[in-house]
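Asks: The structure under discussion is supplied below as structure tokens; questions concerning it will follow.
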Amino acid sequence: MSSVMFKLSSLVNQQLRNKVLDRTLISSNLCVPRRFYPQLPKRFYKEVTVSKNVEDEAFEINLDDRKLKTPGKRIFQVKSEGLAHAIAHEWASQEEHIRQSFMHLTSLANTAQDNPHNKTKFELVNELLSHVSEDTILYRVPESNNKLLELQKEKWDPVIRWFESEFKTSLPIARGTIFVPDIPESSLVHVRNYLSSQSFTGIHGLVFGIDAIRSVILGLAVAKKYLGVREAVDLGRLETTFQVKFLYY
């Protein structure tokens, strides 16, 4: 499941970059003088290495001779060697100061290990399922906005059809309304089974990525390799991108 964490964390990175590029967010009113920025911690280490804890069957990150620890003061551990090296790269890439807000894999792995809200996998799965009816791509603009409506149909409908086929379900489309469509839990049995089959760490990865694009459907399309990361981000931002182009071009 580490591959899903990689993909969805990359999706978050792309989503954050796009937010910065939105012209609607570039405003002098949003500028904060640098003196009010929180002070970043200085880099205190020279080398970053990965070591295996044979007893725990996990990989750990070493900052010189110190073991990296989670915010909960546990020794940082992940089960995947590839993920461990990717996280080590995040730490090795820091320059004079440590910018933790850019270290998304580290943040995700910390959350999965510390589980600060003490949620069970069952609770996380229920949380994801509860968001299906609020999914971004299930909502259509009013017919008066014909160009955007046609674009939504063209780009989103194929993904919805894939999801319905993959998970043997049927999803209602909310057309020109703010009312949340009713999706019986019985129609999401196969979605629940898929989510429940994932590891606890993997579910945290899905929650992290899905929250970034406000779409369970797109998130699972990435996890199941139907969509690539960039495709999913672009589809999740379809309406925003359209509005920015309409307003500024």
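The values are calculated or read from the model by the stated rules, or taken from the named source; none is laboratory data. Treat the numbers as computed from the prediction; the structure is a model and nothing was measured. Neighbour counts run over all protein chains shown; Cβ positions are idealised from the backbone, glycine included. Surface accessibility is based on the protein's heavy atoms, side chains included, excluding ligands, DNA and RNA. Shrake-Rupley method; radii C 1.70, N 1.55, O 1.52, S 1.80 Å.
Asks: If Rh is defined by the Kirkwood formula over all Cα pairs and Rg also comes from Cα, what ratio Rg/Rh do you get for the range 124-249?
Replies: 0.97
Asks: Could I ask something else about it? Rolling a 1.4 Å sphere over the protein heavy atoms, what is the accessible area per residue of the range 57-216, to the nearest Å²?
Replies: Per-residue accessible area for the range 57-216 comes out at 54 Å².
Asks: Once the other residues with Cβ under 11 Å from the Cβ of Ser93 are scored (Lys, Arg +1; Asp, Glu -1), what is the net sum?
Replies: Residues near Ser93 contribute 0 overall.
Asks: The range 75-152: D in µm²/s via Stokes-Einstein (Kirkwood Rh, Cα pairs, 4 °C, 1.567 mPa s)?
Replies: Translational D for this selection: 79 µm²/s.
Asks: Could I ask something else about it? Rounded to a whole number, what % of the accessible area of the range 141-249 do carbon and sulfur atoms account for, probe 1.4 Å?
Replies: Here it works out to 52 percent.
Asks: May I have the convex hull volume per residue, in Å³, for the Cα set of the range 40-87?
Replies: Taking only Cα atoms, the range 40-87 has a hull volume of 88 Å³ per residue.
Asks: Excluding same-chain residues fewer than 8 positions from Lys147, which aspartates and glutamates have a Cα within less than 13 Å of its Cα?
Replies: Partners found: Glu239.
Asks: Points 7 angstrom from Cα along the Cβ direction at Asn126 and Ser170: gap in nanometres?
Replies: With each label point 7 Å from Cα toward Cβ, the separation is 2.8 nm.
Asks: I'm a student and want to see the number: the projected area of the Cα convex hull of the range 199-243, averaged over all directions, in nm².
Replies: 3.0
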